[in-house]
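J.: Sending over a structure as structure tokens; questions will come in a sec.
The values are calculated or read from the model by the stated rules, or taken from the named source; none is laboratory data. In this text, all values refer to a predicted model and were calculated from it rather than measured experimentally. Here Cβ is always computed from backbone atoms with ideal geometry, including for glycine, and neighbour counts include all displayed protein chains. The area values use the complete protein model at the heavy-atom level, side chains included, leaving out ligands, DNA and RNA. Shrake-Rupley method; radii C 1.70, N 1.55, O 1.52, S 1.80 Å.
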Amino acid sequence: MLIICLVLLGVLTAIAVGPMLIDGKGYITVVSGDTAYQTTLLSAVYLLTALFLVLLAVLFVLRGGLRFSLGGWHKLTRASQRRALRNFNKGITAYAIDDYSQAEQLLAKSAQLPQFEQTAYLLAASAADKQDSGSSHYLERVNTDKQFIKNAGLEGVLVKVKIFIGQEQYGKARQLIDTYHKYIGHDARLLALEIDLCLVEQRFSAAIEQLKAARKQKTFNKERLSSWEQKAFTGIFNDTISQADQNALFAYWQKLPKKIQQSEPVLLAYCRVLAENKLNEALTAQLLPVLKKAPSAELLRAFQALPVHQADALIAQVQKQLGKHQQEAKWLSYLGHLACNSEQWQMAERAFNSLLALEPVSYDASDLEALAHVLSKQGKFEQATKILTRRLKM
């Protein structure tokens, strides 16, 4: 601005002093083709000054307009980004409080932000899946290109596989897992999905093979590993005996490492298959060594659910334990259930009555239901009704 003022001052000074320094007005002639233009020096100076001032005015207006246009554009762009960010944050909150309909809408809108696009589409797909509405159009926008996964991580693959399994689209889930199979040994989350999918596909041998790696992972708790083992080994035991015979089942069991045989979920799975197929001698051979030790109450609770048909040897062993621990609830309960399964009603009634008399209360709903069944089998319907009423009040 200072420079402009100085220029103007210089021009005006020249205009004022110029005529005094020269004797005549002075003339300027401009020739263009056959036409000549003539004017005084003073008029030319005035004209050039006016043009200069107009040029300055135009530049000033254009500069201000440009600033206004860029400012408005940036303001509109940032407003759109701020709106998308608000939608993303609100969508996350809605997802956390199980408002999946609202979460889906907000997250889908926020996907215009490049830095949140993948996460927004993944969560929108998950929210849609939890509503049993279509999530495929969101999943299609989730990038699972190998180079992208290498740089950004497996999260997109994991969510896709989980949703496919939940929607029973097992073929798509298998194709995606097989594409990234090399990551299973390095990512526990993908390993978990592989085991779940193997169990659904009834590929029990593959599931058992993957369990070797799962046991080495610190990520999985005991309950989850036990559930996988129980399902996988129950499946392989049933497949073995149905596709071959009982000898093939015995041979498979004998080949298992001792550590696996001693795993409670595996042992229970084997005993259940033996009981369901009425392989009583093999079942007794498995249970007796356990009963001679000091099994936990939880293990005995699991044993009592087995459909044992010939229980004399087991009952004798339990009675030996009761001789040492007469008031121990776990043995009284197990004796009652063994006697009930083998239709020894009076023995079962005595065992359950002794259990009910213990203080503090040590029985559960299954004990009361078994006792009511025992009483009704003996025609003691009034007592059975009282026991069932007691069961309903628990």
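J.: Which percent of the accessible area of the stretch 320-394 is formed by carbon and sulfur heavy atoms (probe 1.4 angstrom)?
T.: Taking all protein chains in place, the stretch 320-394 shows 50 percent carbon and sulfur surface.
J.: On to the next question. Counting other Cβ atoms within 10 Å, which GluC sites (Glu not before Pro) in the stretch 176-230 have at most 14 and lie in a DSSP loop?
T.: Here the GluC sites (Glu not before Pro) that fit, given the DSSP loop and packing criteria, are E201.
J.: Let me ask something additional. As an exercise, use a Förster radius of 41 Å and the Cβ-Cβ distance of D178 and Q346 to find the FRET efficiency, rounded to the nearest 0.05.
T.: Result of the calculation: an efficiency of 0.10.
J.: Residue by residue through the stretch 225-242, which ³J(HN,Hα) values in whole Hz follow from phi under the Karplus form 6.51 cos²θ - 1.76 cosθ + 1.60 (θ = phi - 60°), with glycine and proline marked x?
T.: Running phi through 6.51 cos²θ - 1.76 cosθ + 1.60 with θ = phi - 60° gives 4, 5, 4, 4, 4, 4, 5, 5, 6, 4, x, 5, 5, 5, 4, 5, 6, 7 Hz.
J.: Considering only C-alpha atoms, what is the centroid distance from the stretch 188-245 to the stretch 89-133, in Å?
T.: 32 Å
J.: Can you tell me how the stretch 88-247 classifies by the Cα gyration tensor, rounded, prolate or oblate, using a/c under 1.5 as the rounded cut?
T.: prolate
J.: Could I ask something else about it? Compute the length gained on full extension between Q262 and N221: take 0.36 nm times their separation in residues and subtract their Cα-Cα distance, giving the result in nm to one decimal.
T.: 12.9 nm is the gain from fully extending Q262 to N221.
J.: Follow-up. Give me a comma-separated list of calculated 3J(HN,Hα) values for the stretch 263-272, in order, Karplus coefficients 6.51, -1.76, 1.60 applied at θ = phi - 60°, integers in Hz, x for any Gly or Pro.
T.: Ordered by residue, 3J(HN,Hα) equals 5, 4, x, 5, 4, 5, 4, 5, 5, 5 Hz.
J.: Then there is this: Just for the Cα atoms in the stretch 320-394, what are the lengths along the principal axes, largest first, rounded to whole Å?
T.: 34, 27, 15
J.: Could I have the simple spin-label model distance between Q326 and E140, label points 7 Å from Cα toward Cβ, reported in nm to one decimal?
T.: Each label point lies 7 Å from its Cα, and together they span 7.7 nm.
J.: Oh, and also: Identify the GluC sites (Glu not before Pro) of the stretch 101-140 meeting these criteria: DSSP loop state and at most 14 other C-beta atoms within 10 Å of the C-beta.
T.: Taking the stretch 101-140 and a limit of 14 other Cβ atoms within 10 Å, the loop GluC sites (Glu not before Pro) found are E140.
J.: I'd like the FRET efficiency for Y170 and D312, computed as 1/(1 + (r/R0)^6) with the beta carbon distance as r and R0 of 45 Å, rounded to 0.05.
T.: Result of the calculation: an efficiency of 0.45.
J.: Okay, moving on. Quickly rank 250-258, 383-391, 233-241 as a protection proxy: mean count of other C-beta atoms within 10 Å, highest first.
T.: 233-241, 383-391, 250-258
J.: Now a separate question. Would you mind computing, in nm to one decimal, how far apart the modelled labels at D99 and Q378 are, each placed 7 Å from Cα along Cα→Cβ?
T.: Calculated label separation equals 6.0 nm.
J.: Please list, by residue number, every one of the GluC sites (Glu not before Pro) in the stretch 317-394 that is coil in DSSP and has at most 16 other beta-carbon atoms within 10 Å.
T.: Sparse-neighbourhood loop GluC sites (Glu not before Pro): E328, E343.
J.: How much length, in nm to one decimal, is gained on full extension between R189 and E209, taken as 0.36 nm per residue of separation minus their Cα-Cα distance?
T.: Fully extending the segment from R189 to E209 adds 5.6 nm.
J.: To continue, here is another question. Can you tell me, using C-alpha contacts under 8 Å and at least 6 residues apart, the relative contact order of the stretch 251-321 as a whole percent?
T.: 35 percent
J.: Would you mind checking K222/K320; K218/K258; K259/K320; K292/K393; K182/K258; K218/K293 for any pair whose Cα atoms are more than 26 angstrom apart?
T.: Listed pairs above 26 Å: K222/K320; K259/K320; K292/K393; K182/K258; K218/K293.
J.: Further question on the same structure: What ³J(HN,Hα) values, in whole Hz, does the Karplus curve 6.51 cos²θ - 1.76 cosθ + 1.60 give for the stretch 97-111 when θ = phi - 60°, with x put for Gly and Pro?
T.: So the J values, rounded to whole Hz, are 9, 6, 8, 6, 5, 5, 4, 4, 5, 5, 5, 5, 5, 7, 5.
J.: Could you calculate the FRET efficiency of Q254 with V200 from 1/(1 + (r/R0)^6), where r is the beta carbon distance between them and R0 is 25 Å, rounded to 0.05?
T.: Once the sixth-power term is evaluated, E becomes 0.30.
J.: Please compute the contact order of the stretch 303-394 in relative form: average sequence separation of alpha-carbon pairs under 8 Å and at least six residues apart, divided by the residue count, as a percent.
T.: Once divided by the residue count of the stretch 303-394, the mean separation gives 22 percent.
J.: Amide H of F220 versus every other amide H placed in the peptide plane: which residues, excluding those fewer than 5 positions away on the same chain, fall under 5 Å?
T.: none
J.: So the label point goes 7 Å from the Cα of L85 along Cα→C-beta, right? Which residues of the stretch 99-123 then have their backbone N under 16 Å from it?
T.: 110-117
J.: How much length would be gained if the chain were fully extended between D245 and S296, taking 0.36 nm per residue of separation minus their Cα-Cα distance, in nm to one decimal?
T.: 15.1 nm
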